[in-house]
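Data block below; observations after.
The values are calculated or read from the model by the stated rules, or taken from the named source; none is laboratory data. What you are looking at is a predicted structure, and each value in this text was computed from that prediction instead of being measured. We place every Cβ from the backbone using ideal geometry, glycine too, and count neighbours over all the protein chains shown.
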Amino acid sequence: MNILVLGSGQLARMMSLSATHLDLHVLAYDVANKQIINPVTGQIHELSLTEAIAQSCAITAEFEHIPADVLALCSASGKFYPGAEAIATGGDRAKEKALLDTASVRCAPYKLITEKQHFLDAITELAMPMVVKTCQAGYDGKGQWRVKSLDDVDVIWAEMAEFLAAGSELTPHSIIAEKMIPFDREVSIIGVRDRNGQCKIYPLTENQHTNGVLTLSIAGKEKGAIQQQAERAFNAIATCLDYVGVLAIEFFDVQGELLVNEIAPRVHNSGHWTQQGCHTSQFENHMRAVAGLPLGSTELLRPTAMINVLGQHQIPQAVLSVSDVTSHWYAKEAKAGRKMGHINVSASSLHSLGEKLGELADILPEESFPGVLATGQQLI
Ligand code: ATP
Ligand code: MG
Ligand code: MG
C-alpha cells in the first residue's frame, strides 16, 4: 500500500524509512518541481499527482505551506490526514491563535496587523520588546522582527508593508505582533491521535534554539505537573481539530506555566529523538495513524538527546565511537545553516547522557554545534 506525502524533504524521507517496516510505501510529492519521487533514493516516479492520490491509501504532509490547489485536490479524496483545516491552521499564525483561544489554551498576548496604525497600537498594548511575525510562510525564525525601541518602527514597518503588499486578493498576507515572553526555557510536546480519537503522547522535550533554529533537544528530564499541563493542551488542540496523525506543540515555560508558541501539524524536528528514545518513533506512529493501524508505544525507553547538524558536508564519523550514538543523514545538498542531518545519543540515566554529551563536545566544535558541552555539564 502507498502513502502519499506532500513534500519531499527529510521528514518525508524518515517517514518513508519507518513505513518500510510496516510494508507501506511512501510516494513523496516534490511541490516545487511538481513530481512524485521516492524520498529516500530521489528516484522520480512517472506518476501525476492525481494518479498518486488514486494509488495511495492515505495522504499526509511534511509541511504546512502547501499550495491551495494541491491541498484541495488531496482533501477531496477523503483520505488526507490530518486534514485541510489542521494544515491551514498550522500554516497561518492568525488561524493558530484563534484555535488556541477556542481550545482555551494559553499563548503569548498578541495583536493582528494589517496596517501601520495596528502596529503602533500593538506597541502600546503589548509594550516593547515585541516580536512581530509574518502569519504565513515563516519557519526556522524567518519572517520575524524584534521591535526593541521606537527607533526601530519605521525600518521594520517598511519591511512589513512590503510583505503585506506581496499578498493577493486570493491569499492576503497578514502579520502578528506578540508580546516578547521572558521564558525560562522552551519545551515541546509531540503526540499522535488515531482515526478513533485515541491519543498517545511522548514525554516532553526540552529544546534549545540558536538564531531561531533548533540546535539541541533533550528528552527524559520531565515529570509530573508540567507533563500533564502539556498533555492537557495537546488533547484540547487535537480534539478541536479532530486530528489524525502526529501533532507537535512548542511552548515557552515561564516559571512552570506553559504558554503555546506555535503548533506544527506534522512530525517535528524536536521529536527526532524518538527514533532512539522510544519503541515507536514519531515517524512510524504518524504512518500508523494515517494508515489506520494501531498506534505504538510513546513511552521513554531511555533519556535521549538530539543534536542538529546544520550546514555541514558530513557528520563527523568520530561521533560513532561514542556508545549509543546514531547518526541520521538526509542526503541533501549542503548550504550554510541548512538542516543536513542529526545525531541521537541515548543513555541509561541523565547523568550518563551528560557524560556522553561531554564526549561528543570533544568531537563537535562549539561554533557549529552550540550547547552540547554546557548541556552535558548540566546533566552531570
Ligand atoms: P519553526 O522552525 O520552529 O517553525 P518559526 O519560524 O515558526 O520556527 P517561532 O517558533 O515562532 O518561529 O520562533 C522562533 C524562536 O523565536 C522561538 O523558538 C523562540 O526562541 C523565539 N520566539 C518566538 N516568539 C517569541 C515570543 N513571543 N517571545 C519570546 N521569544 C519568541
Ligand atoms: Mg513554525
Ligand atoms: Mg517554532
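Residues that are under 24 Å from the mean Cα position of the chain (by Cα) and either crowded, with 17+ Cβ neighbours inside 10 Å or among the small types (Gly, Ala, Ser) (or both), at least 2 per element: which strands (runs of 3 or more DSSP E) completely within region 109-164 meet that?
110-113, 130-134
Sort out which residues of region 212-235 are surrounded by fewer than 16 Cβ atoms within 10 Å (Cβ to Cβ) and hydrophobic (A, V, I, L, M, F, W, C), and write them in order of number.
Correct list: Ala225 only.
What residue, of Phe183, Phe163, is touching a strand residue (DSSP E or B) at 6+ places or on another chain (Cβ under 8 Å) and at pLDDT below 95?
Phe163
Just to be sure before I move on: is Arg288 over 24 Å from Gly376 (Cβ atoms) and surrounded by fewer than 20 Cβ atoms within 10 Å (Cβ to Cβ) in the structure I sent?
no
State which residue is nearest to ligand 2 (Cβ to nearest atom) when the search covers only region 284-305 and only residues that are outside any loop (DSSP other than H, G, I, E, B) and not small (Gly, Ala, Ser).
Among residues in region 284-305 that are outside any loop (DSSP other than H, G, I, E, B) and not small (Gly, Ala, Ser), the one nearest to ligand 2 (Cβ to nearest atom) is His286.
Does Arg193 count as in contact with a helix residue (DSSP H, G or I) (Cβ under 6 Å, 6 or more places away or on another chain) and at pLDDT 90 or above? First the steps, then the outcome.
Values: in contact with a helix residue (DSSP H, G or I) (Cβ under 6 Å, 6 or more places away or on another chain): yes; at pLDDT 90 or above: yes.
The answer is yes for Arg193.
Among the residues of region 124-134, are any touching a His at 6+ places or on another chain (Cβ under 9 Å), within 16 Å of ligand 2 (Cβ to nearest atom) and free of Cβ contacts under 8 Å to residues at least 60 places away in the same chain? Let's see the steps before the verdict.
Our first condition is that a residue be touching a His at 6+ places or on another chain (Cβ under 9 Å); within region 124-134, this holds for 134.
Okay, now just the ones that are also within 16 Å of ligand 2 (Cβ to nearest atom), so 134.
Filter once more, so that each one left must be free of Cβ contacts under 8 Å to residues at least 60 places away in the same chain: 134.
Checked region 124-134: at least one residue is touching a His at 6+ places or on another chain (Cβ under 9 Å), within 16 Å of ligand 2 (Cβ to nearest atom) and free of Cβ contacts under 8 Å to residues at least 60 places away in the same chain.
Among the numbered conditions (1) under 21 Å from Ala137 (Cα atoms); (2) in contact with an Asp or Glu (Cβ under 8 Å, 6 or more places away or on another chain), tell me where Ile156 comes up short.
(2)
Look at region 225-270 and say how many of its residues are more than 16 Å from ligand 3 (Cβ to nearest atom) and hydroxyl-bearing (Ser, Thr, Tyr).
2
Just the residues that are β-branched (Val, Ile, Thr) and either away from ligand 1 (no atom under 16 Å from the Cβ) or without any contact (Cβ under 8 Å) to a residue 60 or more places away in the chain (or both), please, taken from region 255-285.
The answer is Thr274, Thr280.
Condition test on Phe163, is it of a type in the set (A, V, I, L, M, F, W, C) and within 16 Å of ligand 3 (Cβ to nearest atom)? Quick ask: steps written out before the conclusion?
Values: of a type in the set (A, V, I, L, M, F, W, C): yes; within 16 Å of ligand 3 (Cβ to nearest atom): no.
No.
Under the condition of being out of contact with any Pro (no Cβ under 7 Å at 6 or more places or on another chain), in contact (Cβ under 8 Å) with a residue 24 or more places away in the chain and over 25 Å from Val309 (Cβ atoms), which residue from region 213-231 is nearest to ligand 2 (Cβ to nearest atom)? Break it down stepwise before answering.
Narrowing region 213-231 to residues out of contact with any Pro (no Cβ under 7 Å at 6 or more places or on another chain): 213-214, 216-218, 221, 223-226, 228-231.
The next check asks that each one be in contact (Cβ under 8 Å) with a residue 24 or more places away in the chain; those that pass are 213-214, 216-218, 221, 225-226, 229-231.
With the extra rule that they be over 25 Å from Val309 (Cβ atoms), the set shrinks to 225-226, 229-231.
Numbers: Ala225: 26, Ile226: 22, Gln229: 21, Ala230: 17, Glu231: 21 Å.
Only one residue tops the list, namely Ala230.
Does region 100-111 include one or more residues that are away from ligand 1 (no atom under 14 Å from the Cβ) and without any contact (Cβ under 8 Å) to a residue 60 or more places away in the chain? Even if it seems obvious, please write down each step before you answer.
Of all residues in region 100-111, those away from ligand 1 (no atom under 14 Å from the Cβ) come to 101-105.
Restricting the remaining residues to those that are without any contact (Cβ under 8 Å) to a residue 60 or more places away in the chain gives 101.
Yes, some residue in region 100-111 is away from ligand 1 (no atom under 14 Å from the Cβ) and without any contact (Cβ under 8 Å) to a residue 60 or more places away in the chain.
Within region 112-144, track down each residue that is in contact with a Ser or Thr (Cβ under 9 Å, 6 or more places away or on another chain) and either within 16 Å of ligand 3 (Cβ to nearest atom) or hydrophobic (A, V, I, L, M, F, W, C) (or both).
Once the filter is applied, which keeps residues that are in contact with a Ser or Thr (Cβ under 9 Å, 6 or more places away or on another chain) and either within 16 Å of ligand 3 (Cβ to nearest atom) or hydrophobic (A, V, I, L, M, F, W, C) (or both), region 112-144 yields Leu112, Ile113, Met128, Thr134, Cys135, Gln136, Lys142, Gly143, Gln144.
Which residue is surrounded by the most Cβ atoms within 10 Å (Cβ to Cβ), if the candidates are limited to region 240-250 and must be under 21 Å from Ala58 (Cβ atoms) and more than 16 Å from ligand 2 (Cβ to nearest atom)?
Of the residues in region 240-250, the ones under 21 Å from Ala58 (Cβ atoms) are 241-248.
Filter again for more than 16 Å from ligand 2 (Cβ to nearest atom), leaving 241-245.
Numbers: Leu241: 21, Asp242: 13, Tyr243: 25, Val244: 24, Gly245: 27.
For region 240-250, the residue satisfying everything is Gly245.
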